[in-house]
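Asks: Quick one: this structure, given as structure tokens, is what I'll be asking you about.
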Amino acid sequence: EFTTTLGNNSILLRFERGAEGRRIRQWIGAQEGPAFEEMTATRPVSGYAGTYRSDELAASFTIVATDESLQVKLPSGATATLRRIREDVFVGSGITYRFDAPRDGRSAGFALDQGRVRGIRFVRTAK
């Protein structure tokens, strides 16, 4: 169990394992919220690999698939490991990557969220 305070509200998260799998239950104060079931990914990470460009940022990211994880090569030259948090959504280095569901085995693009910046669009390049 983990507890924290958000404003005047006490928040409790309880991680449980039952016959049906793992889940997280949450309470805000005395009120129980919806449970979150364990995520089971069905798509292989290879469908997200490729080079993506944002005209808005004038930047390109290269995503590389390795076993069951992704690596992103940032314009700065740095590399970050991405962790899947649900189908088509990965996080790494404080950035969230919300990929389009792959069609014909490949994702067409993703939206990038970081801090207050939301929905910066990256589109797969022809490379």
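Asks: Looking only at segment 74-86, which residues are open to solvent by less than 50 Å² (accessible area, probe 1.4 Å) and under 11 Å from the mean Cα position of the chain (by Cα)?
Replies: Applying the first criterion (open to solvent by less than 50 Å² (accessible area, probe 1.4 Å)) to segment 74-86 yields 74, 78, 80, 82, 84.
Selection gives L82, R84.
Asks: Next question, about the same structure. Does segment 43-54 contain at least one residue that is polar (S, T, N, Q), open to solvent by 40 Å² or more (accessible area, probe 1.4 Å), within 16 Å of A101 (Cβ to Cβ) and not in a loop (DSSP other than H, G, I, E, B)?
Replies: Yes, that holds for at least one residue.
Asks: While we're looking at this one, here's another question. Just a yes or no: is a residue in segment 33-43 modelled with pLDDT of 80 or more and under 16 Å from the mean Cα position of the chain (by Cα)?
Replies: The answer is yes; a qualifying residue exists.
Asks: A follow-up question, please. Looking at this structure, is I85 closer than 24 Å to T4 by Cα, assigned to a strand (DSSP E or B) and touching a residue at least 40 places away in the same chain (Cβ under 8 Å)?
Replies: yes
Asks: State yes or no: is G50 modelled with pLDDT of 75 or more and farther than 21 Å from F90 by Cβ?
Replies: Working: modelled with pLDDT of 75 or more: yes; farther than 21 Å from F90 by Cβ: no.
Taking the combined requirement at face value, the residue does not satisfy it.
Asks: Please find, among I28, I11, the residue that is at pLDDT below 80 and either touching a His at 6+ places or on another chain (Cβ under 8 Å) or more than 18 Å from A108 (Cα to Cα) (or both). Spell out the reasoning first.
Replies: Numbers: I11 fails: at pLDDT below 80.
The unique qualifying residue is I28.
Asks: For segment 89-125, what are the residues that are open to solvent by less than 20 Å² (accessible area, probe 1.4 Å) and either in contact (Cβ under 8 Å) with a residue 24 or more places away in the chain or among the aromatic types (F, W, Y) (or both)?
Replies: Of everything in segment 89-125, those that are open to solvent by less than 20 Å² (accessible area, probe 1.4 Å) and either in contact (Cβ under 8 Å) with a residue 24 or more places away in the chain or among the aromatic types (F, W, Y) (or both) turn out to be F90, Y97, F99, S107, G109, F110, L112, I120, F122.
Asks: Looking at segment 51-62, which of the residues that are within 17 Å of the chain's Cα centre (by Cα) and in contact (Cβ under 8 Å) with a residue 24 or more places away in the chain is nearest to A126 (Cα to Cα)?
Replies: My answer is Y52.
The values are calculated or read from the model by the stated rules, or taken from the named source; none is laboratory data. Remember, predicted model here, so these are calculated numbers, not experimental data. Positions of Cβ are backbone-derived with ideal geometry, glycine not excepted, and every protein chain shown enters the neighbour counts. We work out accessible area using only protein heavy atoms, side chains counted, and drop any ligands, DNA or RNA first. Shrake-Rupley method; radii C 1.70, N 1.55, O 1.52, S 1.80 Å.
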